[in-house]
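Peer 1: Structure below; questions to follow.
Just so it is clear, none of the values below were taken in a lab; they were calculated from the coordinates. This structure is a prediction, so every number in the text was calculated from the model and none was measured. Neighbour counts are summed over all protein chains in view; Cβ atoms, including those assigned to glycine, are modelled from backbone coordinates with ideal geometry.
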Amino acid sequence: MEKDKIVSHQQTQNQSFSSFDELREAVSGFDFDFRPLSHNKNRHNSPGAWFQYSEDSRLLSHTNIHCKVEQRGNVQTGIRALALPVNQNTGIQSWFGQEVTADSLLLFPDHGEIDCISKPGFEVFVLSLPESELLAYAEYMGMPEPDEWIDGAERIIRCDPKARENLLSTLKNFQRRSINQQANHDEAGHYITEPPLLLKDMVLEKILDMMVTPAPVSMKTSPETMQRCIKRLREFIEAHKREPLQVKDLCKVADVSERTLQRVFKHYYDVSPKQFIKSQRLYGLHQNLRIADPAVSRVDMLAHYWGYWHLGQLAKDYRHFFGELPSETLNRS
């Protein structure tokens, strides 16, 4: 029997999460951060689920999140990542300041920061692979100058609906089969029943079929201008998030009117500037409570550090976001 086994360097993970902390721990090996901007309305559901399949230098993930989240992170140089929303409503508020529609294929930058705001119902497949491999396969397929659209500034490609559905069906089938196969290997990673799946062979051609005719995304405000504005504001809020920031402070930093500021945040995050500031402060307090020692730290001490003096209102807001009281987070640390 030993000679019939097939050695594989593949790994599959598939799990649901009872909290965002569990999700962060699962992706701790990657430079990702998930920051909730709203609470999970259905407390009986988990915040989300995550599937990951790795094959040498290739990675396929499937993520499902049930509340509004700001997703941050960085992309490794030399790796090209592409994301395909699963649902027709996409579950994505904005992608690098651009609107995402049902026919979208999302391109990550070849390096630098990830910038995504997701809504409840967010569900997406993400495929990461070496850019050199994608370019070589595109050249083999006879695509003209593929590096122009892979390395361009556009972050969204509008796809042919049939090609999109074909890729989506393939990814779902691949996920199902890889989970089933995971149950049929021994501890050394040997597949006993059938040869392992090969991600590269299954999806590369289908991805390139979708990318033959990329079309630019039109917006009244250029994505670059909006992204620069948001980046400036986000850096300012990050540096002063423990202070009682006012909307007028943000208007001054961005050099825009309050009405324009409200429009920018509504378009980019689908929340008001005040709600965004609150979410960042609550997130910071939550992180501190998670690592604090209950024997020497108190909720009121950390709350005051983050500028909260009305503990009753804090408890209400905190529970609204994280589904528990600040004291419960502290006592679990």
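Peer 1: Can you pull the one-decimal nm distance between simple spin-label points at Lys248 and Glu113, each 7 Å off the Cα toward Cβ?
Peer 2: If labels sit at Lys248 and Glu113, their model points lie 2.7 nm apart.
Peer 1: Moving on to the next point. For a Förster distance of 25 Å, can you work out the FRET efficiency between the beta-carbons of Glu238 and Glu328, rounded to the nearest 0.05?
Peer 2: Working: r = 26 Å, r/R0 = 1.06.
Rounded to the nearest 0.05, the efficiency is 0.40.
Peer 1: Please order Trp309, Trp50, Trp95 by the number of other Cβ within 10 Å, starting at the fewest.
Peer 2: Ordered from fewest to most neighbouring Cβ atoms within 10 Å, Trp309, Trp50, Trp95 come out as Trp309, Trp50, Trp95.
Peer 1: Go through region 53-66 residue by residue and turn each phi into a ³J(HN,Hα) via Karplus (6.51, -1.76, 1.60, θ = phi - 60°); whole Hz please, and just put x for glycine and proline.
Peer 2: 10, 10, 9, 6, 9, 9, 9, 10, 10, 9, 10, 9, 10, 9
Peer 1: A further question follows. Which of the residue pairs Lys241/Lys274; Lys119/Lys316; Lys119/Lys252; Lys68/Lys162; Lys231/Lys252; Lys119/Lys241 have a Cα-Cα distance greater than 20 Å in the structure shown?
Peer 2: Lys119/Lys316; Lys119/Lys252; Lys68/Lys162; Lys119/Lys241
Peer 1: Give me the number: length gained by fully extending Lys206 to Lys162, i.e. 0.36 nm times residue separation minus the C-alpha to C-alpha distance, one decimal in nm.
Peer 2: Values: separation 44, 0.36 × 44 = 15.84 nm, distance 1.06 nm.
Gain on extension, Lys206 to Lys162, equals 14.8 nm.
Peer 1: Further, regarding this structure: Quote the FRET efficiency, to the nearest 0.05, computed for Ser257 versus Tyr305 with a Förster distance R0 of 30 Å and r equal to the Cβ-Cβ distance. Provide the component values of the computation, followed by the final result.
Peer 2: Details: r = 33 Å, r/R0 = 1.09.
In this case the efficiency is close to 0.35.
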